[in-house]
Amino acid sequence: MRKGRFKKPAAEIAQRYSESVFFDWQLYRFDIAGSIAHAAALARAGIISVDELQKIEIELRAIEKEIESGKFEWHRSLEDVHMNIEAALVKRIGAAGAKLHTARSRNDQVALDLRLYVKAEIAELSAGLRSLQTALLNLSEQHVDVVMPGYTHLQRAQPIFLAHYLLAQIEAFERDAERLRDCNARTDVLPLGSGALAGSTIVLDRELMAQQLGFARVSQNSLDAVGDRDFVCEFLFCLAMIGMHLSRLSEDLITWSTHEFGFVEFSDAFSTGSSLMPQKKNPDMAELTRGKTGRLYGNLLSILTTLKALRSSYNRDMQEDKEALFDSVDTVRAALEVFSAMLPKIEINRERMEAAASDPNLFATDIAEYLVKKGVPFREAHEIVGGLVADCAAKGIPLNQVSLAVLKKHSSSFDADIADVFDVRHSLSQRRAIGAPSPKNVAAQIKRWRAHLRAQT
């Protein structure tokens, strides 16, 4: 690149500072695929011969195999993945290889590689989400009738089924899968052929390149195409959201695994001990996932900050997008793999969950709704039950052991059938509205998710 315009070589310290091949080599598959498609377009335009096209494709495939086998020698002096591959190609086939960069810039080349990379990773991570959802669904089916307390503010609120909780996690991860699909639609645009920023006087068949590379659309503005990293930001946001959902799930499981709760126990295979305290069994996989979410947020913020003050088209600052991108992908992929393997081995303590769900105070809302069904306005019923709970707390009497005579002092609408309210399974069976945790609804949702996940594979 420096021949012609520059009289002196770059300073060694400048070369070290600016090279990116030590991380962007990961784009080699996509760089080679883009070069093969570009070569085909050059042949169609009459810039290279069919024979030259064949030589280029054969040697690029050979280089790809060498990289995959670990035999390819990367040179940091050549800066990046693009120049390393091109230099190797030229060394092998001479002039034909030197023609490959005609009507192409590293600006549109790297934009292409990144889009191909993100598209491929969206497919991989979507599969990872499906595996995690399947693990959650299997756990739901295995423990479909286990009752537990639902919490707000980390205070016991109302009884639910454990399966209802697990299905809630599946819903959150489905939104992540939908976001990835939406992101893919905006990533699925071919930038190759945009040149440095203004295309080229050598007109190539961009539709042909898009078809060969599997893109749905071709970019319509060369200036925008080389400077657009919206799809990277959007993808990093999607990954940050996956991390957030994994972190919230981790927090629940960490809390439930404490002796104070005792709802779940992590398997030995996914726990660690203490270097000092022999009795400890720590939920490190969940804690690490909770911690790694901060990195995902940081990676998103780093690229947003990098882009915020850049002028239109390509700037070298954009080199900084790749490490954040690769790190987030690696982080989320590993977390999905760990959770998909960890969840099937988690032990559910049914007795502890159901004992906690039998707390009479969890039925306070049911009592208020009982009064509503007797004709008492809800605000009045809320006040009545609130006073009743306060009296029971002051006297140390469980809510379900208050006599009918005392209940009637709070409201004449109480009758003997109030006893039914404290039956947890009866309570759950009444929660029949769409989305509520009745046994029938839970069973229907498990069936629906099973069919949905099978259709995705």
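The values are calculated or read from the model by the stated rules, or taken from the named source; none is laboratory data. It should be emphasised that the depicted structure is a prediction, and the values quoted were computed from it without experimental measurement. All Cβ positions, glycine included, derive from the backbone under ideal geometry; neighbour counts span all protein chains shown. These accessible areas exclude ligands, DNA and RNA; they are computed on the full protein's heavy atoms, side chains included. Shrake-Rupley method; radii C 1.70, N 1.55, O 1.52, S 1.80 Å.
Determine which single condition Phe231 fails, assuming it passes every other condition in (1) out of contact with any helix residue (DSSP H, G or I) (no Cβ under 8 Å at 6 or more places or on another chain); (2) open to solvent by less than 40 Å² (accessible area, probe 1.4 Å).
Phe231 satisfies all of (1) out of contact with any helix residue (DSSP H, G or I) (no Cβ under 8 Å at 6 or more places or on another chain); (2) open to solvent by less than 40 Å² (accessible area, probe 1.4 Å) except (1).
Of the numbered conditions (1) touching a Cys at 6+ places or on another chain (Cβ under 7 Å); (2) within 24 Å of Pro149 (Cα to Cα), Ser247 fails exactly one; give the number of that condition.
Unmet for Ser247, out of (1) touching a Cys at 6+ places or on another chain (Cβ under 7 Å); (2) within 24 Å of Pro149 (Cα to Cα): (1).
Give the stretch 198-209 a look and list any residue that's open to solvent by 40 Å² or more (accessible area, probe 1.4 Å) and under 19 Å from Asp31 (Cα atoms), or say none.
So in the stretch 198-209, the residues open to solvent by 40 Å² or more (accessible area, probe 1.4 Å) come out as 198, 200-203, 205-208.
Across the stretch 198-209, the qualifying residues are Asp205, Arg206, Glu207, Leu208.
Out of Leu192, Leu180, I need the residue that is open to solvent by less than 50 Å² (accessible area, probe 1.4 Å) and under 19 Å from Val332 (Cβ atoms). Which one?
Working: Leu192 fails: under 19 Å from Val332 (Cβ atoms).
On inspection, the qualifying residue turns out to be Leu180.
Quick check on Leu100: is it surrounded by 21 or more Cβ atoms within 10 Å (Cβ to Cβ) and either of a type outside the set (Phe, Trp, Tyr) or in contact with a Leu (Cβ under 6 Å, 6 or more places away or on another chain) (or both)? Can you show your working first?
Details: surrounded by 21 or more Cβ atoms within 10 Å (Cβ to Cβ): yes; either of a type outside the set (Phe, Trp, Tyr) or in contact with a Leu (Cβ under 6 Å, 6 or more places away or on another chain) (or both): yes.
Spelling it out, Leu100 is indeed surrounded by 21 or more Cβ atoms within 10 Å (Cβ to Cβ) and either of a type outside the set (Phe, Trp, Tyr) or in contact with a Leu (Cβ under 6 Å, 6 or more places away or on another chain) (or both).
Given (1) closer than 24 Å to Met342 by Cα; (2) open to solvent by less than 50 Å² (accessible area, probe 1.4 Å), where does Asp108 come up short, assuming only one miss?
Tallying (1) closer than 24 Å to Met342 by Cα; (2) open to solvent by less than 50 Å² (accessible area, probe 1.4 Å), Asp108 fails exactly one: (1).
Here's the yes/no breakdown for (1) assigned to a loop (DSSP other than H, G, I, E, B); (2) of a type in the set (A, V, I, L, M, F, W, C); (3) exposed (fewer than 13 other Cβ atoms within 10 Å of the Cβ); (4) touching a Pro at 6+ places or on another chain (Cβ under 8 Å):
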| residue | (1), (2), (3), (4) |
| --- | --- |
| Val389 | no, yes, no, no |
| Ile397 | yes, yes, no, no |
| Asn400 | no, no, no, yes |
| Ser412 | yes, no, yes, no |
| Asp420 | no, no, yes, no |
| Arg431 | yes, no, no, yes |
| Lys447 | no, no, yes, no |
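Does Gln211 meet the test of being over 25 Å from Val329 (Cα atoms), modelled with pLDDT of 95 or more and not in a helix (DSSP H, G or I)?
On the way: over 25 Å from Val329 (Cα atoms): yes; modelled with pLDDT of 95 or more: yes; not in a helix (DSSP H, G or I): no.
So Gln211 does not fit the description; no.
Is there a residue being of a type in the set (Val, Ile, Thr) and open to solvent by 10 Å² or more (accessible area, probe 1.4 Å) anywhere in the stretch 152-160? Before the answer, list the steps.
From the stretch 152-160, those of a type in the set (Val, Ile, Thr) are 152, 160; that's our starting set.
Those left that are additionally open to solvent by 10 Å² or more (accessible area, probe 1.4 Å): 152, 160.
Scanning the stretch 152-160, I find at least one residue that is of a type in the set (Val, Ile, Thr) and open to solvent by 10 Å² or more (accessible area, probe 1.4 Å), so the answer is yes.
Residue under question is Ile242, and the condition is that it be free of Cβ contacts under 8 Å to residues at least 60 places away in the same chain, buried (at least 16 other Cβ atoms within 10 Å of the Cβ), of a type in the set (A, V, I, L, M, F, W, C) and not in a loop (DSSP other than H, G, I, E, B); does it hold? Break it down into steps so the answer makes sense when it comes.
Details: free of Cβ contacts under 8 Å to residues at least 60 places away in the same chain: no; buried (at least 16 other Cβ atoms within 10 Å of the Cβ): yes; of a type in the set (A, V, I, L, M, F, W, C): yes; not in a loop (DSSP other than H, G, I, E, B): yes.
For Ile242, the condition - free of Cβ contacts under 8 Å to residues at least 60 places away in the same chain, buried (at least 16 other Cβ atoms within 10 Å of the Cβ), of a type in the set (A, V, I, L, M, F, W, C) and not in a loop (DSSP other than H, G, I, E, B) - is not met.
Within the bounds of the stretch 318-336, is there any residue that is of a type in the set (Phe, Trp, Tyr) and either at pLDDT 95 or above or under 26 Å from the mean Cα position of the chain (by Cα) (or both)? Reasoning before the result, please.
Here is the first cut: in the stretch 318-336, the ones of a type in the set (Phe, Trp, Tyr) are 326.
From the residues that got through so far, the ones that are either at pLDDT 95 or above or under 26 Å from the mean Cα position of the chain (by Cα) (or both) too are 326.
The answer is yes, given that some residue of the stretch 318-336 is of a type in the set (Phe, Trp, Tyr) and either at pLDDT 95 or above or under 26 Å from the mean Cα position of the chain (by Cα) (or both).
With the checklist (1) in contact with a Cys (Cβ under 9 Å, 6 or more places away or on another chain); (2) over 23 Å from Phe339 (Cβ atoms) in hand, flag the one item Asp188 doesn't pass.
(1)
Quick check on Arg248: is it closer than 30 Å to Ala356 by Cα, out of contact with any Gly (no Cβ under 8 Å at 6 or more places or on another chain) and open to solvent by 50 Å² or more (accessible area, probe 1.4 Å)?
Working: closer than 30 Å to Ala356 by Cα: yes; out of contact with any Gly (no Cβ under 8 Å at 6 or more places or on another chain): yes; open to solvent by 50 Å² or more (accessible area, probe 1.4 Å): yes.
Considered against the rule, which asks whether it is closer than 30 Å to Ala356 by Cα, out of contact with any Gly (no Cβ under 8 Å at 6 or more places or on another chain) and open to solvent by 50 Å² or more (accessible area, probe 1.4 Å), Arg248 comes out as yes.
Within the stretch 63-75, how many residues turn out to be surrounded by 14 or more Cβ atoms within 10 Å (Cβ to Cβ), in a helix (DSSP H, G or I) and not acidic (Asp, Glu)?
The total comes to 2.
Would you say Leu129 is open to solvent by less than 40 Å² (accessible area, probe 1.4 Å) and closer than 17 Å to Leu428 by Cα?
Values: open to solvent by less than 40 Å² (accessible area, probe 1.4 Å): yes; closer than 17 Å to Leu428 by Cα: no.
Criteria not met by Leu129.
Being open to solvent by less than 60 Å² (accessible area, probe 1.4 Å) and within 17 Å of Asp252 (Cβ to Cβ): is that true of Val147 here? Working first, answer last.
Values: open to solvent by less than 60 Å² (accessible area, probe 1.4 Å): yes; within 17 Å of Asp252 (Cβ to Cβ): yes.
So Val147 passes the test.
Any residue at all in the stretch 144-159 that's part of a helix (DSSP H, G or I) and over 26 Å from Leu223 (Cα atoms)? If you could, list the steps in order and put the result at the bottom.
Step one: of the stretch 144-159, the residues part of a helix (DSSP H, G or I) are none.
No, because not a single residue in the stretch 144-159 is part of a helix (DSSP H, G or I) and over 26 Å from Leu223 (Cα atoms).
Restricting to the stretch 408-432, give me the number of residues that are hydroxyl-bearing (Ser, Thr, Tyr), out of contact with any helix residue (DSSP H, G or I) (no Cβ under 6 Å at 6 or more places or on another chain) and either modelled with pLDDT under 95 or under 14 Å from Thr365 (Cβ atoms) (or both).
0
Taking into account only those residues within the stretch 267-278 that are of a type in the set (Ser, Thr, Tyr) and assigned to a loop (DSSP other than H, G, I, E, B), which is surrounded by the fewest Cβ atoms within 10 Å (Cβ to Cβ)?
Restricting attention to the stretch 267-278, the residues satisfying the condition of being of a type in the set (Ser, Thr, Tyr) are 267, 271-272, 274-275.
Checking the rest, the ones that are also assigned to a loop (DSSP other than H, G, I, E, B) come to 267, 271, 274-275.
Details: Ser267: 14, Ser271: 17, Ser274: 10, Ser275: 7.
Ranking the qualifying residues of the stretch 267-278, first place goes to Ser275.
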